Amino acid sequence: MSICVVEHDELHALVQRLIQQGPAMGPRERQQQPGFYYFDWLNSADELVLDYVTTTLPPKKAFFPPREPFLEFSRTDPAKVRSMTDEGPFVLLGVHPCDLAAIEQLDIAYSDNIADGRYLANRARTTAIIGVDCWPDEYCLCTSVGTEQARGSADLFLTPIQRGYLVEVRTPRGQELLGDSAQLPATDQDEADTAQFRREKQRRVTAKFATGVEQFADILAAGGLTEVWQEVADRCYSCGSCSLVCPTCFCFDINDDINLDLTTGARIRTWDSCQLPDFALVAGGHNFRGERWERVRHRWHRKFLYLYTQYGRPFCTGCGRCSRACTADINLVEVSNDLIAYAQRETQNV
Amino acid sequence: MKTQAKPRVAFFDFACCEGCQLEVLSLEEQLLEMIELVDIVTWREAMSEKSDEYDIAFCEGSITREADIERIKHIRETADILVSLGACATIGCHNALKNQFSMDEVLHIVYGDRAEWFDTISARPITAVVPVDYQVNGCPASLPEFVTVFKHILMGKEYKPPNQPVCVECKLKDNLCVYEKGMLCLGPVTRCGCDAICTSYGHACFGCRGLVDDPNLNAAQDVLAKYGLSVEEIVGKFRVYNNWPELSLEESHSDG
Ligand code: SF4
Ligand code: SF4
Ligand code: SF4
Ligand code: SF4
Ligand code: SF4
C-alpha cells in the first residue's frame, strides 16, 4: 500500500472519468429533502457528495438489490428457463468505513458454506470501490465494534485533509484507477492532518457500548434477559425497518411472479427481515419466533452472538442505520446498554 | 369453474365511491391483456351490456341496507369466485365511520325530515356478510394486488394478502421515511401490497389497506402521542379507514 495526496479538482476529474467509463454508484443528496442522502447511479461528478451523513439504504443495494429478478421461466417449456442477464461492471464510490466493513462481512457470509453464486457474480461486477472517511452523527457506534478505521475491500481510501484528500492506494486496481491523475507526495503536514482527522472522528463518536463486544456476547449467551426483550417488544412494531436498512443483513425471500400470459414469469429474490412476524413461519403453521420479543432478541443474537461466535467479529458495523430508521425510537446502543446494565445488576444480586 | 371457454367476470358495486372500478379501468393496456383471458359480462361503470350469469364477481363497496345483504347473498350463490374489491368491501373504509352513531341519528342527519323514507343498517364490509374467496385491499384498490389476485384466480391458486407493513415496501424502494419530515405515518401497522405508493410520493400512509395481522397498536399510540396527538386524535387517524371491527386503543398507553 502507498499513500499520496490528490487535490479536490483532480479528484473531481477522476470521478468524472470513472462515471464516463461506466456506471458508478455513489452517495447523492435527496433533491426533495436536502440534508438526506442515498446511494444511486451518478450522471456527473457534481452529484457525488463525499461529506455526507449515512445514507438510508447501504451501498449493498448495488450488488444485492432489494428486489432482484434472477431467473426467467416458462411453466410449459423447460427449455425457456434461463438465468437473467447480468448487467456489466460498475464502480462504487464514497463508501464509509462501516459500509466497507459490511461489504467484507457479506462477502464472507455469502462465500461460506454454500456459496451464493448470484451474489458473488454481482460482487464480481463491482470492479472498484473507493472509500472515504466520515464524521459520525449521534447514532454512529463504529468505535464500539471496531470499524472506525475499517478499509474492507476498498481499492482507494480517501481522508479529507487541507490540501484535498490523503489517498491510500490499497490495491493494484486502486493504482490503475488513479491513472494519470496528479498524485502529490504526502508531506508531514498532510499526514498530521490525517491523524488529526482520525483522532477527531474518534472523539466525536458519542454512542458507545458500556462493554466490549466479547463481554456483550457473553451477556447475550448467558440469557435471562427476557424482561428487557419484552420491554423493547412492547414498543416495537415488528416493521422490519431496522434490518432492511442494515448493511450486514443478508436474509431474503424468493417468489415467482407470473406474467399475464399465465405461462412465463420471473423468479425474484427480495430482502426479508427476521423482525417480520411470518419470517420464521414454516409449513404446518409453526412459527419459530411467533412472539415479538423473540424476534427482537433474535436481531441482537444474530449480530452480537451467533455470527460473532462463527466469524470472530460482531456482524454489526456500527453504521447506526437501524436506530435512525426506527420510527419507535428503539436505539441499538441504548437497548444494548440496558441489557448490559440489567445483566450486571442480576450478577450483583446473586 | 363452469365449463366455458373463458370464465365470465362481473363487477358489482355497493355503498362506495366506485373509485376502485375506475382504478381498474386505468389499467388500460394490462386490461386488454386480461380480457384475452376472461369475458367481462357485467360492468355498469364500463359497459351497457349485462348478464346474470357469471363465474367471477368483483364486488366493491360496503353493505349498508338490508336489501344489500340479499343482493350480495345472491351474487355469492351465483358466482364460483367472489372477490371483495377495495377497502369498502374488505375493511369497511369510510362507510363504517357512521357506526359510531345510532342509525336513527345518521338517517336524520342525512335525510332530515325524509328520514323515514330510507332504511339503513350499520355499515360493514362484504367480507363480514358472506365468505369471500379473494380480497383486494386499498382505497382505491391497489392495482398491483388486483392484477396478482386476478392471476391467482385464473391459476386456481390461493392468495394470501401480505402480512407485512408498508414500511417494508417503503424501505425496499429506498424512500426517505416521512417521519424525517415531521409527518406522521401509519405505515408501520398497515398491510403492504400497494408498493408504498403514498410514501413514495412523499405523503404519509393513512392505513387504507387495513392493519397487519398483529399490529402493535400500543407502539403506534406511544409514537403518535410523542408527536403531541391526543388519544382522540390518534383514534381519529386510525378511523379514517379502519373501523371494522371496532378498534380498541388502550387509553392508558398515551400521555397525550
Ligand atoms: S425498526 Fe424499530 S419498530 Fe421496526 S422492527 Fe425494528 S426495532 Fe421494531
Ligand atoms: S445493526 Fe444497526 S448499527 Fe449495526 S450494522 Fe446493522 S444497521 Fe448498522
Ligand atoms: S375503497 Fe375507496 S375508492 Fe374504493 S369504493 Fe371505497 S371509497 Fe371508493
Ligand atoms: S414513511 Fe411510513 S411506511 Fe415509510 S418507512 Fe416511514 S413510517 Fe414506514
Ligand atoms: S401507502 Fe398506505 S394509504 Fe397509501 S395506498 Fe398504501 S396502504 Fe393505502
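So the values come out like this:
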read-out	value
Segment A:124-219: radius of gyration over Cα atoms, expressed as a fraction of 2.2 N^0.38 Å	1.29
Local electrostatic count, A:Phe315, Cβ distance below 9 Å [Lys/Arg +1, Asp/Glu -1]	+3
Size of charge dipole - the protein assembly as shown - debye, nearest 20, with Cβ of Lys, Arg +1 and Asp, Glu -1, no other charges	1140 debye
Value of [θ]222 nm, deg cm²/dmol, for chain B, DSSP H segments ≥ 4, -39500 (n - 2.57) each, nearest 500	-9000 deg cm²/dmol
R0 of 22 Å, Cβ-Cβ distance A:Ala13-A:Gln162: FRET efficiency to nearest 0.05	0.65
CD proxy at 222 nm, helix term only [per DSSP H run n ≥ 4: -39500 (n - 2.57); per residue of chain A; nearest 500]	-10500 deg cm²/dmol
Lys/Arg +1, Asp/Glu -1 at C-beta; chain B dipole; positive extreme among B:Cys185, B:Pro125, B:Trp244	B:Cys185
Theoretical FRET efficiency, 1/(1+(r/R0)^6), r = Cβ-Cβ of A:Asp112 and A:Glu138, R0 56 Å, to 0.05	0.95
Surface/4 of the Cα convex hull for segment B:120-198, nm²	7.1 nm²
Rule-of-thumb Rg ratio for segment B:1-50 [Cα; 2.2 N^0.38 Å; N residues]	1.21
Per-peptide average of other Cβ atoms within 10 Å, ordering B:90-98, A:171-179, B:145-153, B:47-55 highest first	B:90-98, B:145-153, A:171-179, B:47-55
Any cysteine of chain A lacking a neighbouring Cys Cβ under 4.7 Å - listed by number	A:Cys4, A:Cys134, A:Cys140, A:Cys142, A:Cys236, A:Cys251, A:Cys274, A:Cys316, A:Cys326
Spread of Cα-to-Cα distances over 10 Å intervals beginning at zero, given as percent, for segment A:195-350	10, 33, 33, 15, 7, 3, 0
Ranked A:Thr211, A:Thr56, criterion: other C-beta atoms within 10 Å, fewest first	A:Thr211, A:Thr56
Karplus-derived 3J(HN,Hα), 6.51/-1.76/1.60, for each residue of segment B:214-227, Hz, glycine and proline x	10, x, 8, 5, 4, 4, 4, 5, 4, 5, 5, 5, 4, 8
Centre separation in Å (Cα based) which lies between segment A:66-95 and segment B:28-104	39 Å
Proximal charge balance of B:Asp68 [Cβ under 11 Å; K/R count +1, D/E count -1]	0
Antiparallel DSSP beta bridges within the protein assembly as shown, as percent of all bridges there, nearest 5	60 percent
Quarter of Cα convex hull surface for segment B:3-155, i.e. mean projection, nm²	9.3 nm²
Summed side-chain charge close to A:Arg125 - residues other than A:Arg125 whose Cβ falls under 10 Å, Lys, Arg +1, Asp, Glu -1	-1
Phi-based couplings in Hz for segment A:48-54 (Karplus 6.51, -1.76, 1.60; Gly and Pro marked x)	6, 10, 9, 10, 9, 7, 2
Dmax and Rg, reported as Rg then Dmax, of the protein assembly as shown (C-alpha, Å)	27.8, 93
Rounded to 5, percent antiparallel among DSSP beta bridges of segment B:3-155	15 percent
Average projection area in nm² (convex hull over Cα atoms of chain A, one quarter of hull surface)	21.4 nm²
Range of Cα positions in chain B per principal axis (Å), largest first	60, 53, 26
Listed residue (A:Ala115, A:Val5, A:Val205) projecting farthest to the positive dipole end of chain A, Cβ model	A:Ala115
Relative contact order (%) - chain A, alpha-carbon pairs under 8 angstrom, separation at least six	21 percent
Kirkwood-based Rg to Rh ratio, segment B:78-122, C-alpha trace	1.14
Whole-angstrom Cα spans of segment A:35-148 along principal axes, big to small	55, 37, 23
Alpha-carbon Rg with Dmax, taken over segment B:166-255, Å	12.6, 36
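None of the figures in this text is laboratory data; all of them are computed from the coordinates on show. The structure displayed is predicted, hence computed values, not measured ones. All Cβ positions, even for glycine, are placed from backbone atoms using ideal geometry, and neighbour counts span all protein chains on display.
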